[in-house]
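The values are calculated or read from the model by the stated rules, or taken from the named source; none is laboratory data. For clarity, every value in this text was computed on a predicted model and none was experimentally measured. Because the Cβ atoms are built from the backbone with ideal geometry, glycine has one as well, and the counts that use them run over all protein chains shown.
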Amino acid sequence: MKTKAYLGVTVGILMAALLLSGFAIHTWGKQAPLVAVTTPGKSSNQCEPVMLRWGKDQDQNLVEVLVNNSVVLRIRTAAGGYNAWQRGELVVARLRAALAEGIDANSILPGFENQEVVVLAGTRLLVTVDKGSVEANNTPAPYLALNWANNIRASLGLEPLEPEQAWQTFSRGKTALTARASWYGPRFHGRRTASGEVYNQEVYTAAHRTLPFGTLVLVTNPASGKSVLVRINDRGPFIAGRGIDLSRAAARAIGMEEAGVADVQITVIRQ
């Protein structure tokens, strides 16, 4: 049942990622043999072995991090002065250190550190979601961090996080503002937005008068209790009293499509 639940949430996360980005997810190629050693003295139910190996996607070599023989994340590019393999070694070392300290696996969550999207175990950094990984997966950084966090959690036998749970972790310590939201759809579908993108009413985006394009905003509808993470890619709304204009998909996600307007809470997650 846990496996079914995890697979179901994973599919949901991937679909949400598609809605936020408008892109497809790559499939993975044939996997390579294990290369790295494991930490001795740990039982299998304590998230060992933690391993590193080379893998391949189409014609590109990549590094795979495994926990309990499950691939939890893949690293394709150099970043921060480290090549892909060295970055994998850092992730493995961080995972081992966190597990050796007996950290609560429930604390493995996506988050932010130094303005970057990361996966954390409590306050301990596990991995940073780099630009290369975002581009290679065609997946927005928050959704990729959530996928990685859920992969690690699943490898330890935990239930995956629902997207709404994860987005709440992003909003901690940030100020939420109340605004009147509306949505726009069919008449603008297929037209160019102010950012130059083609508007797709079935993608999680929004229009705002002043926020920079690309800003991630958490929009919560108190009436339904539902939240959605949207990306600003257009300007508006231009009707007095309204603060944000959602895509049709985003409005549907928080239960305001039929009403057309709603008082919502908006939290800027990252600019």
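Computed quantities for the displayed model
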| quantity | calculated |
| --- | --- |
| Strands (runs of 3 or more DSSP E) (entirely within the stretch 129-247) containing at least 2 residues that are farther than 30 Å from ARG87 by Cα and touching a residue at least 60 places away in the same chain (Cβ under 8 Å) | 177-184, 226-234, 244-247 |
| Every residue from the stretch 94-113 that is in contact with a strand residue (DSSP E or B) (Cβ under 9 Å, 6 or more places away or on another chain), without any contact (Cβ under 8 Å) to a residue 24 or more places away in the chain and not polar (S, T, N, Q) | GLU101, ILE103, ASP104, GLU113 |
| Which numbered condition VAL228 misses (of (1) under 20 Å from PHE112 (Cα atoms); (2) surrounded by fewer than 22 Cβ atoms within 10 Å (Cβ to Cβ); (3) not polar (S, T, N, Q)) | (2) |
| Test for TYR199: is it surrounded by 11 or more Cβ atoms within 10 Å (Cβ to Cβ) and touching a His at 6+ places or on another chain (Cβ under 8 Å) | yes |
| Positions within the stretch 89-109 being over 23 Å from the mean Cα position of the chain (by Cα) and not in a helix (DSSP H, G or I), in sequence order | GLU101, GLY102 |
| Qualifying strands (runs of 3 or more DSSP E) (wholly inside the stretch 23-83; at least 1 residues being modelled with pLDDT of 90 or more and not basic (Lys, Arg)) | 50-57, 60-67, 70-75 |
